[in-house]
Amino acid sequence: MPLDGVFTYSVPTALAEQVKIGVRVLVPFGRNKTYVGIIAKTHKGPLPSGMQIKDVLQILDPSPILLDSQLRLWQWIADYYMSPIGEVYKAALPSGLKAEDGYKPKTETYIRLTSQFRSEQALHIAIDMLQRAPKQQKAFIDFLSSLQGNLLTPDSRLLSPVSEITRDELLNQGHSLQTITALIKRGLLETYEQEVGRLNHGGEPHLDKIQPLSPVQQDAYNQIQFSFLKKNVTLLHGVTSSGKTEIYIHLIRQALEQKQQVLYLLPEIALTVQIMSRLQRVFGDRLGIYHSKYSDAERVEIWQKQLSGHPYDVILGARSAVFLPFQNLGLVIIDEEHETSYKQKDPAPRYHARSAAIMLAQILRRQESGVRSQENTPAVDSSLQGNLLTPDSCLLNPRVLLGTATPSLETYHNAKTGKYGLVELSERYKGIQLPEIQVVDIKDLQHRKMMNGPFSPLLLSKVREALERGEQAILFQNRRGYAPMIECKQCGWVPHCQHCDVSLTLHRNLNQLTCHYCGHTYQVPTECPNCGCTQLQTRGYGTEKIEAEVHEIFPEARIARMDLDTTRSRQAYERIINDFSAGRTNLLIGTQMISKGLDFDRVSVVGILNADTMLNYPDFRAYEQAFMMMAQVSGRAGRKGKRGLVILQTKSPELPLIAQVVRNDYVAFYRSLIAERQQFRYPPYYRLVYVYLKHRQEPTVAAASMEMGALLRQWFSGRVLGPDKPGISKVKSLSIRKIVLKFEPSLNMSEVRKYLSLAQQQLLQNKRYSTLQIYYDVDPL
Ligand code: ADP
Ligand code: ZN
Ligand code: ZN
């Protein structure tokens, strides 16, 4: 349950032996309910007087399902991100592990020789013994022969005790269950149960298939190794297609040689598909994949495997993989570290997987160095890496490697100020040039009536040429659906969601209007309810409409679309990516999903249809996001063999940011933005916490947020901004207010949290606010 805090229970003497941190227990809760809980802490001593403490009812696990390091990480997440610990558990544990008996491992019945018959001599006796029971004899001999070479140990006298033969296999050879049971009754054979995995088996590892690094890559690899000796966290800043992934593969091999585990995080499930096949080729069945598109049963199985004596050595996963148990983690790779999808937005815990992974590494290092971490949770994010180097701490694992072509401002700042190590890789593999970027002024073309819908003539001709040459093209539009809105031609009426303060998106394939905030769907109106006019026109372009128009213009193109709507299942991702990789499709249309680290060989043209939607977003991070998105999507062009071309369509070609994208000048981009952040007191110079208040009644949330603001001003004075009505002020029938807390990093974060909770408590004492929701977004993105 998403409860805050931990609860105390007493342990009956009969159960005392089995109580360990990390095992699940059945406990009474409330008046007459029982729940599953996890033991977080044990203490001995007399019961405190005056407190009513109930008994633990039952212990559910023979051994812990959680490691100490996980408990510590989860507690840190709960504290740091101001989220009830129950929410963290809910997010972290597959539900099969939460329910009392939700997970049943699938087992199979195996057959083996009983111990007294595991010698050649005994076998001869056994076969003689079966002379009068020919069916049994035949079954027995078949059993022995199917063991083949497994039977005899090298000295050919003793027989190996365990042979992997299932009862079903034997039954399949035409022997009846009766016959087999008879052999068991005679004491020749016995059955045993073994868990079978539903997991993929990747086959034998082939470390010999690892490609040798180029001299430039080798140099970067060596620098990383050197940096690992001095820094806990290192940034690999390498342009797109420079071979960062190849370098990771070499680092993983090295960790495996040292018998260490590796956690490889990716921001997006779409990416795991490609990287998975690259890693599986070399690491085979030593690689496990973990993310939310896997079924719960599969996730439970990976979890159990990681706790077992033969865990995966490499875990590749999206952000939730940071919650898995690791027994011997040596290296954490956070690929595309700049991606905002590493931060969970909704629901709680609103954690950043990069920070969580860095924290996990720190917790494990502390454990290794035997340093007891303080009772209090560690301090702020930016001080995670602030450890002083001591001679014996400098070789501790795990190390953390962040990789990207476009580091987040925070990370590059940390690297530039020496908190992180920094390794730069500035050329593409085989020296292929970065793509040429041509800017197209669509405002001008619109004036001159030269645009074909959302496409400029240049873009269309370049795409046509590419397709004619047998190459591929990508079109990027960061809006899904058909049209972001429909509008009455006469009076300008726009349909809105009944539950949210947003206009509805038209999805033509489904023939409905959808709210992208609450998921509600509506029928497409045939006439305007306002003026009765039947001419409703669409405004703007979503990927679905782009697809329809491209289909008109290039009827022979084999088009694929990748966005949230076309990738609801894991198989859908795989199919779209594999089809495009193999050339079965040649024109890919997509949202930001396609910008992320995908590696395609034959893409010669990339079109960015409208840069302005990204630039005009009302947030201090809009420019950062826009730069990264454009640089990343450009990086998909011209990866193998030849230089690619990017057509960048915008209404504001004069912006310095556009020029920085064109020159692929990350450093200039960084310098201008970081100066702005400093001047206007934004991260990484200042810290932010957003306080959200929600209520069904608009006046209630308005009053509550004013009171909350006043309470906070008592302590934080000018550091409190708002309350404000956010751009989207109602979602799912709840009216929203937002208070921004902006403060200098020297302020003690746990004090900040303390006062926030205090204000919340005081506010909620008012009965009027009993159904008010308050939550926090710490280090918001
Ligand atoms: P990045 O991760 O920096 O975008 P990749 O590792 O995906 O770059 O490399 C880009 C392409 O170049 C891939 O197709 C990869 O297989 C190839 N490549 C990079 N380095 C090597 C190498 N040392 N040997 C062979 N191929 C390489
Ligand atoms: Zn109208
Ligand atoms: Zn809605």
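Every number here is computed from the coordinates shown, using simple stated rules; none is lab data. Model, not experiment: these values are computed from the prediction. Note that we place each Cβ from the backbone using ideal geometry, even for glycine, and neighbour counts take in every protein chain shown.
For region 293-371 versus region 712-748, the inter-centroid distance based on Cα atoms is 31 Å. Relative to its Kirkwood radius, the Cα radius of gyration of region 539-656 gives an Rg/Rh of 0.96.
For the chain, the relative contact order is 11 percent, taking Cα pairs closer than 8 Å that sit 6 or more residues apart in sequence and dividing their mean separation by the residue count.
Modelled spin labels at Gln446 and Leu177, positioned 7 Å past Cα toward Cβ, are 7.3 nm from each other. For a paramagnetic label modelled on Gln498 (point 7 Å from Cα along Cα→Cβ), amide N atoms under 18 Å away belong, within region 508-537, to 512-530. Among residues other than Thr8 with Cβ under 13 Å from its Cβ, the summed charge is +2 (Lys and Arg +1, Asp and Glu -1). Report note on the peptides 545-555, 52-62: ranked by the mean count of other C-beta atoms within 10 Å, highest first, their order is 545-555, 52-62. For region 394-463, the Kirkwood estimate of the hydrodynamic radius, built from every pair of different alpha carbons, is 16.7 Å. Taking a Cβ cut-off of under 11 Å around Ala220, the surrounding Lys, Arg, Asp and Glu residues balance to a net charge of -3, with basic ones at +1 and acidic ones at -1. Extending 7 Å from Cα along the Cβ direction at His43 and again at Asn766 yields two label points whose distance is 3.6 nm. The His310 and Ser95 beta-carbon pair, evaluated with R₀ = 30 Å, returns a calculated FRET efficiency of approximately 0.75. Would you work out if region 264-338 is rounded, prolate or oblate? Take a ≥ b ≥ c from the square roots of the eigenvalues of the alpha-carbon gyration tensor; rounded if a/c is under 1.5, else prolate when a/b is larger than b/c, oblate otherwise. In terms of gyration-tensor shape, rounded. Pop a pseudo-label 7 angstrom from the Cα along the beta-carbon direction at both Lys345 and Asn578 and give the gap in nm to one decimal. Calculated label separation equals 3.1 nm. Only beta bridges with both residues in the chain are counted; by DSSP, about 50 percent of them are antiparallel. Other residues whose C-beta falls under 15 angstrom from the C-beta of Pro699 contribute a net charge of +4, scoring Lys and Arg +1 and Asp and Glu -1. Length available on full extension from Gln367 to Asn511: 0.36 nm per residue minus the Cα-Cα distance, which gives 46.2 nm.
Any idea what log10 I(q)/I(0) is at q = 0.11, 0.13, 0.16, 0.21 Å⁻¹ for region 480-626, Debye with uniform C-alpha scatterers and no solvent? Here log10 of I(q) over I(0) equals -0.52, -0.71, -1.01, -1.38.
Taken over the Cα atoms of the chain, the convex hull encloses 231 Å³ per residue.
Ranked by how many other Cβ atoms sit within 10 Å of their own Cβ, fewest first, the residues Lys33, Lys419 fall in the order Lys33, Lys419. Stretching the chain fully between Gln131 and Gln433 yields a gain of 100.9 nm (0.36 nm per residue, less the alpha carbon separation). Here Glu169, Glu624 are placed in order of increasing Cβ neighbour count within 10 Å, fewest first, which gives Glu169, Glu624.
On full extension, the segment bounded by Gln697 and Lys489 gains 71.5 nm, given 0.36 nm per residue less the C-alpha separation.
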